[in-house]
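The block underneath contains the structure these notes are about, expressed in structure tokens.
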Amino acid sequence: MHYNFDELISRRGTNSVKWDSAQDPEVLPMWVADMDFRVAPAITEALERRVRHGVFGYTRVPDEYYQAVISWFGRRHGWQGIRKEWMLYTSGVVPALSVIIKAFTRPGDKVLIQTPVYNCFFSSIRNNGCEVVYNHLVFDGKTYHIDFDDFEAKVADPDVKLFILCNPHNPAGRVWTRGELQRMGDICLRHGVLVVADEIHCELVQPGHVYTPFASLSDSFLHNSVTCNSPTKAFNMAGLQIANIICADEERLQKIDRAININEVCDVNPFGVLALMAAYNESEDWLDQLNAYLAGNYRYMAGYCREHLSGFPIAELEGTYLVWMDCSALHLSSEELEHELMAEAHLWLNAGTMYGPDGEGFMRWNIACPQSRLAEGLERFRKYVEMKGVR
């Protein structure tokens, strides 16, 4: 079946965070990470059947749910042997991260992250009374690299209890290689630091790159890690709020389960459960076509920037649908640029400093939209920078 990702779907008036948050209806939103595409038909059909039933009480999670996850990661990503007994469901990856931090730290402990990185890492760490420790990723003008000397120095600090790995990485766009994951995992094992892998973007990978589940690399990594994943990012159903925590260590899993109940994020809704099963069991061809379309969008943006915005290099995109642009040529702070773009270009991008101080001078673009809409956003940006006398 062919899916039409070029279709322009109006989302205004649906209480969309992305589309209905701006005061100005002329603003084109290319910021928050959800997509402007319809979900796979199997997901819609599963939800329609449930809606027609008309009763929406508390839901139980059936064995078929766990089997869908186990089968998906086995056949799609080569992660064999996941067991139902290792899995805990919850309402989202951010709540999952928060309960994991609660389970394995005390106030005052340190948690390591690699910046620039997803903004909710900072709040989840600080909300649990912990201190953020930075391993600053190194940008070479094209892509990001890990400073492994600094990484090991930070991990060796006895107060660092957890390392939150973003794989693939938002907003740097990296899909970490097996070698990079192996090296990070070995360092964490050597110093007794638990790896918490946020792998929500795992399905969104550009051609030529391969996502590797961290826990699949070895038995020792499996037992020194906790994985958070969800179909919501790749299948565009974040509002349905469903995610999973996978932990093979029974004692650690019990601590996480206790923290889930303390934080009262132990219940999920029937629509999320059904949507996950429909996504993993019936929507793989939709996902393959989506990734091909996103690759085309990225090629379009890269070509446009080479021709019209040579002073605004973008990081090479390996995974996610979030493009990281160096806007330092404008000599504005990222927050100032976000506000000016909204006011003068009617374009909403994310300020890079949302992802930590290493994001200063950068902006994050969401290219998960029909290509005509992406073209419009790029045109608005080009006209704005030309007005500023910069190209």
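Brief remarks follow.
- Debye intensity ratio I(q)/I(0), log10, the chain, q values 0.07, 0.10, 0.12 Å⁻¹ (C-alpha model): -0.31, -0.66, -0.96
- With the simple model of a label 7 Å out from the Cα in the direction of the Cβ, Phe148 to Asn4 spans 5.0 nm.
- Computed from the C-beta positions of Arg52 and Arg12, the FRET efficiency with R₀ = 30 Å rounds to 0.65.
- Whole-Hz Karplus values for the stretch 96-107 come out as 4, 4, 5, 6, 5, 4, 4, 5, 10, 9, 10, x Hz, taken residue by residue from phi with 6.51 cos²θ - 1.76 cosθ + 1.60 and θ = phi - 60°; glycine and proline positions read x.
- For a straight C-alpha distance cut-off of 30 angstrom, the lysines reachable from Lys388 (same-chain residues fewer than eight places away being disregarded) are Lys18, Lys142.
- Per-residue ³J(HN,Hα) for the stretch 198-215, Karplus 6.51 cos²θ - 1.76 cosθ + 1.60, θ = phi - 60°, Hz, x for Gly and Pro: 8, 10, 5, 8, 5, 7, 9, 10, 6, x, x, 10, 10, 6, 10, x, 4, 5
- Sum of side-chain charges, Asp20 neighbourhood, beta-carbon under 11 Å (Lys, Arg +1; Asp, Glu -1): +3
- Inter-centroid distance (Cα atoms) of the stretch 322-371 relative to the stretch 86-118, Å: 27
- Normalised Debye scattering of the stretch 29-132 at q = 0.10, 0.11, 0.14 Å⁻¹ gives log10 I(q)/I(0) of -0.49, -0.60, -0.93, counting only Cα atoms as equal scatterers and leaving out solvent.
- Leading residue at positive end of dipole, the chain (Cβ point charges), from Ala33, Ala278, Trp348: Ala278
- Those lysines that a straight Cα-Cα span of less than 26 Å connects to Lys102, excepting residues fewer than 8 apart in one chain: Lys84, Lys110, Lys154, Lys161, Lys233, Lys255
- Other residues with beta-carbon under 10 Å from the beta-carbon of Phe5 carry, at +1 per Lys or Arg and -1 per Asp or Glu, a net charge of -2.
- Against the criterion of solvent-accessible heavy-atom surface with a 1.4 angstrom probe, Leu341, Leu240 sort, most first, into Leu240, Leu341.
- For the chain, built as a Gaussian network whose Cα springs stay under 10 Å, the top-fluctuating residue of Arg52, Arg364, Arg60: Arg52
The values are calculated or read from the model by the stated rules, or taken from the named source; none is laboratory data. These numbers were taken from a predicted model, which means no experiment stands behind them. Backbone-built Cβ (ideal geometry, glycine too); neighbour counts: all protein chains shown. Please note that ligands, DNA and RNA were not included when accessible areas were found on the heavy atoms of the full protein model with its side chains. Shrake-Rupley method; radii C 1.70, N 1.55, O 1.52, S 1.80 Å.
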